[in-house]
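No lab work stands behind these numbers, since they all come straight from the coordinates. The structure displayed is predicted, hence computed values, not measured ones. So basically every Cβ, Gly included, is an ideal-geometry build from the backbone, and we count neighbours across all protein chains shown.
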Amino acid sequence: MSRFLFVVLPLAGHINAPLAVGEALLDAGHEVAWCGPESYLRPLVGPHATVYPTGSRFYPEQDRYGPEALRHVWDSYLVPLAQFTLPAVERAVTGFQPDVLVADQHAFAGALVAHRNGVRWATLVPSALELTRSPGDAPDVEAFVRAHLARLREKAGLPTGDDVDVLFSPYLVIALTTAALTGSAALPDTCVLVGPALGRGPAYQDFPWDWFDPDRQHVLITVGTLADSVAREFFATAVRALDGLGDRLQAVLVAPADAVPQPPDHILIASRVPMLRMMPHLHAVVSHGGMGTVGEALANGVPLVIAPIRYDQPTVADQVSRAGAGVRVPFVGLTAEQLRAAVTAVLDDPAYRAGARRVGDSFAAAGGAAAAATHLEQLALKGTVSR
C-alpha cells in the first residue's frame, strides 16, 4: 500500500473533493495524511486522521470583479499563504514520507516542497480558474501570475532557471470536470478529467426536511461562502424574483439569518444546508458558478441559473450555458424580472434538464473520486523521482 499526503486550502470549494478522494484511497487500504489548518481539517477528517498543521490565514473579503479580483486574491491570500505554509509542508513531507503528494492547484507550497524534495506530486484542480484560462484571454493577468510564481520558486529556494510550473504537475493533473463542459479547450498533457469528486458532505441534522412540499418544485439559491460582502443585494433580488410563485415552488436561500427580513412563507432562509443530500430533491439551482456547486447540481441532473461574480465563475457559467444545462444572468445589475425569467425558463423548458443530465452522465462515466484515486495509485507505483 502507498502513502498519500494531501495539501489543501481551508475553503469550502476546495476541500470537499480531496476529502472524497482521500476516502476512496483509505477504502482501498492506503495511508492518507493531511496538511492544512488543524482547526479546519480535524472536524472533517476525524479524530484519528494524521494532520500536519500549517496554522491559519484569513481569506480577505473583497468587492472587486474581473481581473482586479484575481490580482487581489493572489496578492492578499494565495501567495502569502504559500509563503506562510512552506515550512509546515516541509515538515509534513519529512515526517510522513509520502509516495505521492496531492496538492490543491492553489496550495502552491505543496507543489514547491514536493518538487524540491524529489517527491512525485499530483495537482488537484477544483476550479476552472487556471485550467481553461488561456494566455491570450488576459495577457496582463497571465504575466502577473507568472511573475508571482517565479518569486515563489525563489522563496522556496529552487535554483535559478528551475521553472517548474507549480500550477500543473508534470506527473499528473486531476481536473474535476469533463469535456462536456471544457469542450475543445487545450489542457496539459498530464491532465485527466474525472468529473466531480463527490463525498457524503456534512449531514446538518437540523435541516427541516418536512418543510418541503412534494407537490411543488424546489429551488436552491446559493452564492457560496466567500461572497458575503457583495451578496446582500442579490439575496433581496432573489426574494423579489420568486415572490408570488409560492403556488408552484419553494426555495431555499443559503444566507445569514438576518439577510432577508420577513421572507415569504415559500422561501426558507438557512445559513447552511446539506447540499449533496438536497440535490436529488431539487428542480433548479441558482448559483454564483462555483465549480463545487455546479458539479454537484449537474451530477444530479439539476439545471442551473448562474450569476457569476468573479474568478473562474464567468467561464463556468459560459460552459454550462454552451452545454444547454442552464442560463447565465448578470450578478451586478441583475433585476428581479431577469432572475424570475431565468428560473422559470430552466424549470419549464425540459431541454435544460436534459442538458444537465447529459453533463451528469459524462460525470458518471468519468468516475469521480474513485477514478482520481486510481490515477493516484498508478502514480505511486512509479516510485521516487530521479534527480
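Rounded to the nearest 5, what is the percent of antiparallel bridges among the DSSP beta bridges in the chain?
Antiparallel: roughly 0 percent of the beta bridges in the chain.
What FRET efficiency comes out for D165 versus A354 if R0 is 41 angstrom and r is the Cβ-Cβ distance? Round to the nearest 0.05.
Once rounded, the FRET efficiency stands at 0.60.
Give me the one-decimal nm value for the distance between modelled label points at R277 and Q378, 7 Å along each residue's Cα-to-Cβ direction.
Going by the 7 Å Cα→Cβ label model, 3.6 nm.
What's the angle, to the nearest 10 degrees (0 to 90), between helix 139-155's Cα axis and the longest principal axis of the chain?
40 degrees
Would you give the gap between the C-alpha center of the stretch 282-354 and the C-alpha center of the stretch 80-120, rounded to a whole Å?
The two parts, judged by their Cα centres, are 36 Å apart.
List, in order, the whole-Hz ³J(HN,Hα) value for each residue of the stretch 236-245 obtained from phi through the Karplus relation with A = 6.51, B = -1.76, C = 1.60 and θ = phi - 60°; use x for Gly and Pro.
Karplus values, whole Hz, x for Gly and Pro: 5, 4, 4, 5, 4, 5, 9, 5, x, 9.
Let's see if you can work this out: charge +1 on each Lys and Arg Cβ, -1 on each Asp and Glu Cβ, no other charges. What is the dipole magnitude of the chain about its Cα centre, in debye to the nearest 20?
The dipole magnitude comes to about 600 debye.
Work out how much length V332 to A147 would gain on full extension: take 0.36 nm times their residue separation and subtract the Cα-Cα distance, in nm to one decimal.
63.5 nm
What is the set of long-range amide H partners of L198 at a cut-off below 5 Å, with H atoms built 1.01 Å from backbone N?
For L198, whose amide H was placed from the backbone, the distant partners under 5 Å are A369.
Treat each spin label as a single point 7 Å out from the Cα along the C-beta direction, and report the A236 to Q97 distance in nm.
6.1 nm
With r defined as the distance between the Cβ atoms of A179 and H72 and R0 fixed at 22 Å, what FRET efficiency is calculated, to the nearest 0.05?
With a Förster radius of 22 Å, E is 0.10.
According to a simple spin-label model (label point 7 Å from Cα along Cα-to-Cβ), what is the distance in nm between E154 and W211?
Inter-label distance under the simple model: 5.3 nm.
If I take R0 = 25 Å and measure r between the Cβ atoms of A186 and D361 in this structure, what FRET efficiency does the formula 1/(1 + (r/R0)^6) give, to the nearest 0.05?
Calculated transfer efficiency: 0.55.
Only one of the values (1) 67, 45, 39; (2) 55, 47, 35; (3) 59, 51, 41 was calculated from this structure for Cα extents along the principal axes in Å; name its label.
So the calculated entry is the one marked (1).
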